[in-house]
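To start, the structure under review is shown below, and the notes come after it.
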Amino acid sequence: MPDDSQNTPYFEANRARWDESVPIHAASEGYDLAGFLRGEKTIYPVEMHEVGDVRGKTLLHLQCHFGMDTLNWARLGAQVTGLDFSGAAVERARELAREIGVTDATFVQANVYDAATVISDQFDVVYTGIGALCWLPDIRGWARVVAKLLKPGGFLYVYEGHPMLWALDDERDDRELVVRSPYFETGQPSEWVGETTYVDGPPLKNQTSFEWNHGLGEIVTALLDVGLRLDFLHEHREVAWQALPWMVRTDGDSTAKGYARRTAWQLQPEQRDLCPLMYSLKATRTA
Ligand SMILES: C[S@@+](CC[C@H](N)C(=O)[O-])C[C@H]1O[C@@H](n2cnc3c(N)ncnc32)[C@H](O)[C@@H]1O
């Protein structure tokens, strides 16, 4: 892993893109803010089932974006803190909390790697959701931060795109599963240029981003090495967004697009046992 200062330009480019994405996402059909404001729950069913009852628990959401998932956990009874390095995201999250009358949510602007420095509390649950770990250069450094932020007995829950999925070529039209990008963590990030974000919306000014993949073994070993106990690791055949153009919705609706919350996408029937698309894991701090 390169030293931190080497990553500063990548963090800055990514943050500029995320800052710009916040109003776009808040206005998008994909994020369905109107549905969220109407009180519909948008935590994925897998997450709700696997995390279990959060009533009365303290929950820290790392890389919380503009707080929708964080506040959904609050609606389910958790006392929440969200952290994100995008000032625009944190500001919007605070507004959103006010709009829905959640008064005890805290949102902190910081890089994940500084989280244990800027937050002195420890939590019952540390949660991280889809599309978060790919922005982090050093999975072992992330695991050290997570361990510091957990109370003894507390647990980490991750629901994420599978590193195998991130490694696949998503621009093919022949429906072949072809590995194009690194599966393992690399010292240098992959550079991506995307005109828009992953949901509907106008073109961005900040089109370049830098991402790192982390192999499943690297993620799990990083957590074990900081003393966490792995409770489960589930690999899923469904993905929460249309990750590859030829994926089909599990509810059979071929017209819907994007990043909907109440459905999932799968590979073609003959491909479904070939490749995991997401994973979820729970790891507990025992001492
Ligand atoms: C795709 S969002 C994940 C949130 C949630 N799953 C969602 O879909 O709304 C990724 C978030 O990570 C944040 N982020 C990226 N790199 C970060 C870093 N190094 N430290 C803190 N936040 C970071 C971005 O600002 C963005 O809000």
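The values are calculated or read from the model by the stated rules, or taken from the named source; none is laboratory data. Since this is a predicted model, take the numbers as computed values, not measurements. Quick reminder, even Gly has a Cβ in these numbers, built from the backbone with ideal geometry, and neighbours come from all protein chains shown. We work out accessible area using only protein heavy atoms, side chains counted, and drop any ligands, DNA or RNA first. Shrake-Rupley method; radii C 1.70, N 1.55, O 1.52, S 1.80 Å.
Within segment 125-159, being open to solvent by less than 10 Å² (accessible area, probe 1.4 Å), more than 22 Å from N213 (Cβ to Cβ) and small (G, A, S) holds for one residue alone: G154. Here the condition is being of a type in the set (D, E) and under 18 Å from the mean Cα position of the chain (by Cα); of E176, E191, E195, E185, it holds for E185 alone. Evaluation of M48 against the conditions (1) in a helix (DSSP H, G or I); (2) modelled with pLDDT of 95 or more; (3) closer than 22 Å to L281 by Cβ shows that the sole unmet condition is (2).
When segment 144-157 is filtered for residues that are out of contact with any Lys or Arg (no Cβ under 8 Å at 6 or more places or on another chain) and within 22 Å of G52 (Cα to Cα), the ones remaining, listed by number, are V146, L149. Filter segment 31-46 down to the residues that are within 18 Å of D84 (Cβ to Cβ) and either among the acidic types (D, E) or near the ligand (Cβ under 9 Å from one of its atoms) (or both) and list them by number. Selection gives Y31 alone. Only one of the listed residues (L71, L76, L62, L96) is within 25 Å of N206 (Cα to Cα) and out of contact with any Phe, Trp or Tyr (no Cβ under 7 Å at 6 or more places or on another chain). That residue is L62. Going by what's in this entry, would R55 be described as open to solvent by 50 Å² or more (accessible area, probe 1.4 Å), under 27 Å from K151 (Cβ atoms), modelled with pLDDT of 95 or more and within 15 Å of the ligand (Cβ to nearest atom)? No. Just so you know, in segment 184-210 the residues that are outside any strand (DSSP E or B) and among the β-branched types (V, I, T) include one that is nearest to H162 (Cα to Cα), and it is T186. When you check V22 against the structure, is it modelled with pLDDT under 95, among the hydrophobic types (A, V, I, L, M, F, W, C) and closer than 29 Å to S190 by Cβ, yes or no? The answer is no for V22. For L133, the conditions (1) farther than 20 Å from G39 by Cα; (2) more than 10 Å from the ligand (Cβ to nearest atom); (3) not acidic (D, E) are fulfilled apart from (2). The single condition among (1) touching a His at 6+ places or on another chain (Cβ under 8 Å); (2) open to solvent by less than 10 Å² (accessible area, probe 1.4 Å); (3) away from the ligand (no atom under 14 Å from the Cβ); (4) not basic (K, R) that H25 does not satisfy is (3). The condition (being away from the ligand (no atom under 11 Å from the Cβ), crowded, with 22+ Cβ neighbours inside 10 Å, polar (S, T, N, Q) and modelled with pLDDT of 95 or more) is satisfied by just one residue among T81, T70, T117, T106: T81.
For segment 5-19, the count of residues that are more than 10 Å from the ligand (Cβ to nearest atom), in contact (Cβ under 8 Å) with a residue 60 or more places away in the chain and in contact with a helix residue (DSSP H, G or I) (Cβ under 9 Å, 6 or more places away or on another chain) is zero. Here F11 does not fit the description of being of a type in the set (F, W, Y), farther than 22 Å from G161 by Cα and in a helix (DSSP H, G or I).
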